[in-house]
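This report concerns only the one structure given below.
The values are calculated or read from the model by the stated rules, or taken from the named source; none is laboratory data. Owing to the predicted nature of the structure, the values given are computational and were not obtained by experimental measurement. When we count neighbours, we look across all protein chains shown, and the Cβ atoms used for this are built from the backbone with ideal geometry, even at glycine. Just the protein is used for accessible areas: all its heavy atoms, side chains included, with ligands, DNA and RNA removed. Shrake-Rupley method; radii C 1.70, N 1.55, O 1.52, S 1.80 Å.
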Amino acid sequence: VRQIVHHLADGNAMIAYRTRWILTEKAPKLPGFDENRWVELPDAMHAPVEPSLRILDGVQARLADLLAELPLEALERTMKHSEQGVVMLDRMLDYLDWHGRHHVAQLKAALTSRA
């Protein structure tokens, strides 16, 4: 559970930053990251989840405010991902939606099995 919560905070922050780069630069080149190695770092393994929950709250609120003000054509802007190639903003946001639902389901399953 701890690793999933920290992973969600890291992943959502990454997508928020990528969104800002996409909106402010022309097809920025952005690196991928090894999320499996990130969740093996000491903080993901042992730190309390509360700071990551606060990160999630803040990042989601900021991203929602940003996206609410965007014209639809902004969703067509792209980045050049080091592993996935050209990625449109709308596709990245679809992934954010799926990613959150996927991990919330994992958290529910893990917490239910503990009860």
Helix 89-114 sits at what angle to the longest principal axis of the chain, using alpha carbons and giving 0 to 90 degrees rounded to 10? 10 degrees
Report the calculated FRET efficiency for residue 29 and residue 54 (r = Cβ-Cβ distance, R0 = 35 Å), to the nearest 0.05. 0.70
Area of residue 80 that stays accessible when all protein chains are in place (1.4 Å probe, Å², to 10): 90 Å²
Taking a probe of 1.4 Å, how large is the accessible area per residue of the chain, in Å²? 66 Å²
Order the following by accessible area, largest value first: 35, 73. Probe radius 1.4 Å; ligands, DNA and RNA are ignored. 73, 35
Which aspartates and glutamates, on any chain, are close to residue 29 with Cα under 18 Å apart, when same-chain ones fewer than 8 places away are left out? 76, 83, 90
Carbon plus sulfur, as percent of the 1.4 Å-probe accessible area of the chain, comes to 56 percent
Pairs of Cα atoms under 8 Å, at least six residues apart: use those to get the relative contact order of the chain, whole percent. 37 percent
For residue 83 and residue 47, FRET efficiency with R0 = 41 Å and r from the beta-carbon atoms, rounded to 0.05? 0.90
Degrees between helix 50-68 axis and first principal axis of the chain (Cα, 0 to 90, nearest 10): 20 degrees
The stretch 22-87: C-alpha gyration tensor shape, a/c 1.5 cut-off, then a/b vs b/c: oblate
